[in-house]
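Have a look at the structure below, then the notes.
Taken together, the values in this text are just the output of simple stated rules run on the coordinates, not laboratory data. Since this is a predicted model, take the numbers as computed values, not measurements. Virtual Cβ from ideal backbone geometry, glycine too; neighbours counted across all protein chains shown.
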């Protein structure tokens, strides 16, 4: 397959196995992809620091482009291409609508509920705050997430500036800026790098991936993806636990 200039892949349950790892085979395929001059982008709901401080070192794949925080931020070689934050006053008004706020992420800090203390976060660094109860922030936020029984409409009612994101595999609900989507961040990346949608191979599995799978000519859902993602994609590759993304790339691109 000729003409592919960029690989865009979700992380959890797509590139990453269910245990959050990748094997040597997948790491090797991505190394060969980059040797061919093809750019690699990670498009994830995860915070940008999770990628730069944890995941890249852990799986030995360093992306050229990071589309993080459900599309609130896109960076290429450390420079912002796209950035959509929730104003602090809206974040503070939203907090009482959650049964429990678990994380508020700003560009300068994490504020995490105590039960996140042993997770993958940057624990021990001065910008990380652990608190039993999160109820206020002075900074604009990339996202706020937590537990709630409210519908997306109830959670965001009165705030047209935001949207709620749900996931198929966890009970958390995340609120981001209404223009923070993986697709919008990807489109800005395409413009900045002069890459067309038919020059991108995209991979995903969940609700947040549906738009960009449909947008890209080579949109591919992993076998373990939700049905809606498979319907939006042009094809389906193997399961995330079976190196599905890497096998597709080796067969189609390499």
If you fit an axis through the alpha-carbon atoms of helix 24-35 and take the longest principal axis of the Cα set of the chain, what angle between them do you get, 0 to 90°, nearest 10? 80
Could you calculate the contour length gain from residue 250 to residue 217, that is, 0.36 nm times the residue separation minus the distance between their Cα atoms, to one decimal place in nm? 10.1 nm
Arrange the following residues from fewest to most other Cβ atoms within 10 Å of their Cβ: 58, 215. 58, 215
Using Cβ counts within 10 Å as a stand-in for footprinting exposure, how do 140, 79 rank, fewest first? 79, 140
Taking the Cβ of each residue in 25, 76, 50 as the centre, tally the other Cβ atoms inside 10 Å and list the residues starting with the fewest. 25, 76, 50
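Calculated from DSSP H runs of 4 or more alone, at -39500 (n - 2.57) each and per residue, what is the 222 nm mean residue ellipticity of the chain, nearest 500?
Details: 8 runs with 61 residues, N = 254.
Taken over the chain, the calculation gives -6500 deg cm²/dmol.
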Angle, helix 182-193 long axis vs. longest principal axis of the chain, Cα atoms, 0 to 90°, nearest 10? 60
Note down the nm distance, to one decimal, between modelled labels 7 Å out along Cα→Cβ at residue 88 and at residue 235. 5.0
The range 69-91-the range 218-250 distance, computed between alpha-carbon centres (Å): 27
Using 0.36 nm per residue of separation minus the Cα-Cα distance, give me the extension gain between residue 228 and residue 5 in nm, one decimal. 77.6 nm
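Order these peptides, 195-203, 235-243, 182-190, by their mean beta-carbon neighbour count within 10 angstrom, highest first.
By packing density, highest mean first, the sequence is 182-190, 195-203, 235-243.
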The answer for the per residue Cα convex hull volume of the chain, in Å³, is 118
